[in-house]
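Structure first, then comments.
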Amino acid sequence: MNQNKTDKADSLCIAQYCKNLQNEGGIENYLYTLKSKYFQRLQALVTRLEQVNLLKIQEVNHLESTLDKVSVKFIKQTIKHFEKQIKVIKNSIKECVNQDLILKKQVKLLITIDGIGEITAWSILAYLGDISLFATSGQVTSYAGINPFIENSGTSLKVSRLSKMGHKRLRKSLYMPAIVAKKYNPILINFYDKLINKGKPKKVAICAVMRKLLVLSYGVLKSETAFNPNYKKCKAN
């Protein structure tokens, strides 16, 4: 997926898309993914978990701005209701993952990456879908919308920036893990510090860490190998 908006890129993208459909036997094959009933359930439950979390946050915000005692009582009851729902949904997701050998293995692989916990692993799998559809890590970051973006059409030229044209929920699910990873992941600690030392704004550096986390996630899923922060050193020896 090419997110650079240039006349040439647009033309090449359309041509490549048509070629892919021809080579792969049509759009039916292109859209086919190994979506078991458990994977479909995971997608639905992860989406619902995010929705209920947002509803809870809204009620917490209402609680902070409400002075009426009776209203406060009802808001607290609503928050407790959402907290119970969140707990039930999380348990349902765990049960769903444990019933599918592939999902279970993929979650175990993802949580070997410092900064990625179970909830993030669920989100990555639900929003990313079939990993075999992505040939490179660049395609994955483009799909998430955390790749550089260049707009150049005719005489118009705009500076490279974050694309944000991809999967919003996938991108959002990587933000908090990036905050954690820049403090505890040995690879990303140095990566983040180097960007800051070069004068990059913190927001830019965090986005770069998000991208790196997604690349690492793609790596462990594609190779079916647990994360190893010393991989390059071991390979050199």
Item to check | Single residue of the stretch 132-151 satisfying the filter (surrounded by fewer than 21 Cβ atoms within 10 Å (Cβ to Cβ) and β-branched (Val, Ile, Thr)) that is nearest to GLU50 (Cα to Cα) | outcome: THR136
Checklist entry - Just wondering, is there one or more residues in the stretch 74-88 that are in contact with a Leu (Cβ under 6 Å, 6 or more places away or on another chain), surrounded by fewer than 21 Cβ atoms within 10 Å (Cβ to Cβ) and of a type in the set (A, V, I, L, M)? => result yes
Checklist entry - What number of residues within the stretch 110-131 are farther than 17 Å from GLN43 by Cβ and either surrounded by fewer than 22 Cβ atoms within 10 Å (Cβ to Cβ) or among the polar types (S, T, N, Q) (or both)? => result 4
Item to check | Within the stretch 38-80, tally of residues that are under 22 Å from TYR127 (Cα atoms) and either acidic (Asp, Glu) or touching a Cys at 6+ places or on another chain (Cβ under 8 Å) (or both) | outcome: 5
Checklist entry - Looking at GLN99, is it modelled with pLDDT of 95 or more and surrounded by 14 or more Cβ atoms within 10 Å (Cβ to Cβ)? => result no
Checklist entry - Which of the residues spanning the stretch 91-144 are among the small types (Gly, Ala, Ser) and out of contact with any Lys or Arg (no Cβ under 6 Å at 6 or more places or on another chain)? => result SER92, GLY115, GLY117, ALA121, SER123, ALA126, GLY129, SER132, ALA135, SER137, GLY138, SER142
Item to check | In the stretch 171-189, the residues that are crowded, with 21+ Cβ neighbours inside 10 Å and within 18 Å of TRP122 (Cβ to Cβ) | outcome: ARG171, SER173, LEU174, PRO177, ALA178, ALA181
Checklist entry - Residues in the stretch 71-87: is at least one of a type in the set (Ser, Thr, Tyr) and without any contact (Cβ under 8 Å) to a residue 12 or more places away in the chain? => result yes
Item to check | Test for TYR17: is it under 27 Å from the mean Cα position of the chain (by Cα) and modelled with pLDDT under 50 | outcome: yes
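The values are calculated or read from the model by the stated rules, or taken from the named source; none is laboratory data. Keep in mind the model is a prediction, meaning the values are calculated, not measured. Note: ideal-geometry Cβ built from the backbone for every residue, glycine included; neighbour counts use all protein chains shown.
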